[in-house]
1. Those residues that are of a type in the set (Val, Ile, Thr) and within 16 Å of B:Gln37 (Cβ to Cβ), I need them from segment B:5-27; list them, please.
2. Mind listing just one residue for me: the one in segment A:1-46 that is part of a strand (DSSP E or B) and among the charged types (D, E, K, R) and, of those, farthest from B:Pro44 (Cα to Cα)?
3. Out of all the residues in segment A:86-117, which are away from chain B (no Cβ under 12 Å) and at pLDDT 95 or above?
4. List the strands (runs of 3 or more DSSP E) inside chain B, counting only whole elements, that have at least 1 residues being within 30 Å of A:Pro55 (Cα to Cα) and among the aromatic types (Phe, Trp, Tyr).
5. Need pairs with beta-carbon distance below 6 Å; first residue more than 7 Å from chain A (Cβ to nearest Cβ) and within segment B:34-55, second surrounded by fewer than 16 Cβ atoms within 10 Å (Cβ to Cβ) and not in a strand (DSSP E or B); sequence gap 6+ or separate chains.
6. If I ask for residues that are aliphatic (A, V, I, L, M), away from every other protein chain (no Cβ under 14 Å) and open to solvent by less than 30 Å² (accessible area, probe 1.4 Å), which ones from segment B:65-101 would you list?
7. Mind counting the residues in segment A:28-37 that are under 17 Å from B:Gln3 (Cβ atoms) and more than 10 Å from chain B (Cβ to nearest Cβ)?
8. Test A:Thr76 against the stated conditions and say whether it is surrounded by fewer than 16 Cβ atoms within 10 Å (Cβ to Cβ) and more than 14 Å from chain B (Cβ to nearest Cβ).
Amino acid sequence: GAGVSQSPSNKVTEKGKDVELRCDPISGHTALYWYRQSLGQGLEFLIYFQGNSAPDKSGLPSDRFSAERTGGSVSTLTIQRTQQEDSAVYLCASSLGPRGANTGELFFGEGSRLTVL
Amino acid sequence: QQQVKQSPQSLIVQKGGISIINCAYENTAFDYFPWYQQFPGKGPALLIAIRPDVSEKKEGRFTISFNKSAKQFSLHIMDSQPGDSATYFCAASWRYSTLTFGKGTMLLVSP
């Protein structure tokens, strides 16, 4: 596709259940990011993948959160034992090259809205 | 050190007016300052960006002003239009860092 694709667009789950969110980046983009957007909290960095390098997991809020990127393309963000405070929009972004000032633009998907009841 | 502070949280401007959003940062290593625009139900998209070797950058009705000594930068939207109504995020990064975003400003341009 032409842009970053995320699924599902909406997910409602019960507290304690596990959820998986998927991201399909722009073809050829080597860098992939997950951000979380909560009301009034802006965009919170979660995790960064670059090629075959070890991911930067420094933004993951707890060990209930994990992510993987298979074959340098599609990524899955998994939240185990969901809590109500996990309710947010989870945004995936990709960029052509590695992160940092030399690369510039992030291309975001439309996000996956997670509601934990 | 990684924080970017953005103000105001929300802004209402009349059509044709000037919208001004401000950001401040602490980390002097930051050397890339983009602004992203987000419409409801969409992901953020790059609007305009500046590097600290210039004090101002203009693209159409959008201008970034940068004050390195004060560690502040701002977005000015001239002749604001209802179609500009969106949430605006400032951000900053340095050479090998992930973008750090401000908390966003919801802009409403009234007709």
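The values are calculated or read from the model by the stated rules, or taken from the named source; none is laboratory data. Since this is a predicted model, take the numbers as computed values, not measurements. Glycine also receives a Cβ, built like all others from the backbone with ideal geometry; neighbour counts cover every protein chain displayed. All accessible areas refer to the heavy atoms of the entire protein, side chains included, with ligands and DNA or RNA removed. Shrake-Rupley method; radii C 1.70, N 1.55, O 1.52, S 1.80 Å.
1. Hits for segment B:5-27 are B:Val13, B:Ile20, B:Ile21.
2. A:Glu20
3. A:Asp86, A:Ser87, A:Ala88, A:Leu114, A:Thr115, A:Val116, A:Leu117
4. Here the list reads B:19-25, B:33-38, B:86-92.
5. Final answer for the pair search is B:Pro52/B:Lys68.
6. B:Leu75, B:Ile77
7. 1
8. Yes: the conditions hold for A:Thr76.
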